[in-house]
Amino acid sequence: MRPAAETPVRGASEEDAQPARSGTRVWKRRRLYRLSRFATCAVVAASLGGLFLEPAGPWQYTADVLVRSYLAFLGTVMAHEAVHGLMGRTPRSNLWWGRLALVPCMVPFTNFRKTHLLHHRHTNEPGRDPDHYITPRQGREWEIPLRAVAMPHHWLLWLRRRQSIDTAHVRELLLNYAGIALIYLPILAVVGPQRLAFGMIPLLVIVSLLLWYPFAFKTHEGFSTGDAASRSHNYYGRLMYWFSLGLSMHRSHHMRPYLGWIELLQFVESAPSVAGRLIPMRDIQIDEALPIPDAQPRSHHA
């Protein structure tokens with residue numbers, strides 16, 4: 001089955017149709033595109049615009065970094081939508097919106113797009129799933145923050161080792177970095193190197209930790225290679241759903257990658273206990289399957 005981002009373009013009549021898959025409620029595609037594009041523009045504008053505001057003291061600086069980091073995190077969620085072809089009718093449209101969404105965290109879209117589609121095909125499979133890199137070695141949980149920060153660079157090395165980088169990929173990667181530079185160089189000229197460095201370096205670290213620990217490592221707890229429903233997990237509750245714009249619904253997304261973030265709201269479940277409703281909890285289902293042929297021993301983490 002071809003990835004959503006690579007499927008042929010549908011006609012206008014199909015675009016406005018309400019596809020009936022698995023009995024789920026699906027938004028009209030044009031409405032979904034407009035919503036996600038608006039969110040992308042708002043997130044990028046606010047995150048970059050905040051760099052032009054000079055914090056007056058440590059409290060303002062802390063608030064500035066945290067707010068812009070969260071906005072950049074939401075940009076990664078919108079880029080994730082583009083990977084699955086949920087930001088526009090054509091691959092080209094999704095490519096441009098995906099690039100834009102990742103500008104606040106300076107990550108090229110092309111590496112993310114290719115590795116994330118492989119993550120869906122080979123979820124939790126060592127050697128096949130590029131995102132399995134986030135899993136630390138036995139007894140070395142302290143590696144997780146380092147692996148989270150290194151993940152975008154790991155993608156490039158992972159693809160290179162598997163000879164998955166061709167001339168077109170290199171060209172797209174260079175153009176993507178050039179576009180990021182063209183956006184940040186004028187910002188640098190206006191705000192100065194100190195403001196840009198102290199405004200962006202903490203942001204890049206925070207976004208990596210926020211994205212890869214609760215919404216990648218924890219949503220694959222146990223790293224099952226059993227049935228599809230056991231390979232990823234959802235968070236309970238609407239608080240986590242709205243905080244992450246649907247990224248908390250990880251199992252639901254893996255089972256229905258054709259649904260946009262707003263369409264996953266219908267699958268949110270309340271936490272099983274009143275006390276747990278304010279504490280992020282996951283609906284963990286681990287199916288202990290036989291190891292896949294090239295699997296390595298893995299650790300199970302709470």
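The rows are residues; the columns are (1) part of a loop (DSSP other than H, G, I, E, B); (2) not polar (S, T, N, Q).
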{"residue": "ALA39", "(1), (2)": "no, yes"}
{"residue": "LEU51", "(1), (2)": "no, yes"}
{"residue": "GLN60", "(1), (2)": "no, no"}
{"residue": "LEU66", "(1), (2)": "no, yes"}
{"residue": "LEU71", "(1), (2)": "no, yes"}
{"residue": "THR76", "(1), (2)": "no, no"}
{"residue": "HIS80", "(1), (2)": "no, yes"}
{"residue": "LEU86", "(1), (2)": "yes, yes"}
{"residue": "GLY98", "(1), (2)": "no, yes"}
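Would you confirm whether or not the stretch 85-98 contains a residue that is within 30 Å of PHE198 (Cβ to Cβ), touching a Phe, Trp or Tyr at 6+ places or on another chain (Cβ under 7 Å) and surrounded by 22 or more Cβ atoms within 10 Å (Cβ to Cβ)? There is at least one residue in the stretch 85-98 that is within 30 Å of PHE198 (Cβ to Cβ), touching a Phe, Trp or Tyr at 6+ places or on another chain (Cβ under 7 Å) and surrounded by 22 or more Cβ atoms within 10 Å (Cβ to Cβ). Pairing residues of the stretch 253-264 that are within 12 Å of GLY85 (Cβ to Cβ) with residues that are in a loop (DSSP other than H, G, I, E, B) and among the basic types (Lys, Arg), at Cβ distances under 9 Å and at least 6 apart in sequence or on separate chains, gives TYR258/ARG21; LEU259/ARG21. The number of residues in the stretch 202-256 that are among the small types (Gly, Ala, Ser), in a helix (DSSP H, G or I), more than 15 Å from the chain's Cα centre (by Cα) and crowded, with 18+ Cβ neighbours inside 10 Å comes to 1. The residue of the stretch 135-181 that is surrounded by the most Cβ atoms within 10 Å (Cβ to Cβ), among those that are of a type in the set (Phe, Trp, Tyr) and over 19 Å from THR123 (Cβ atoms), is TYR177. Note on the stretch 28-46: among residues that are surrounded by 15 or more Cβ atoms within 10 Å (Cβ to Cβ) and over 16 Å from GLY98 (Cα atoms), the one that is farthest from the chain's Cα centre (by Cα) is ARG29.
Computed from the coordinates by the stated procedures, all read-outs in this text should not be read as laboratory data. Model, not experiment: these values are computed from the prediction. Backbone-built Cβ (ideal geometry, glycine too); neighbour counts: all protein chains shown.
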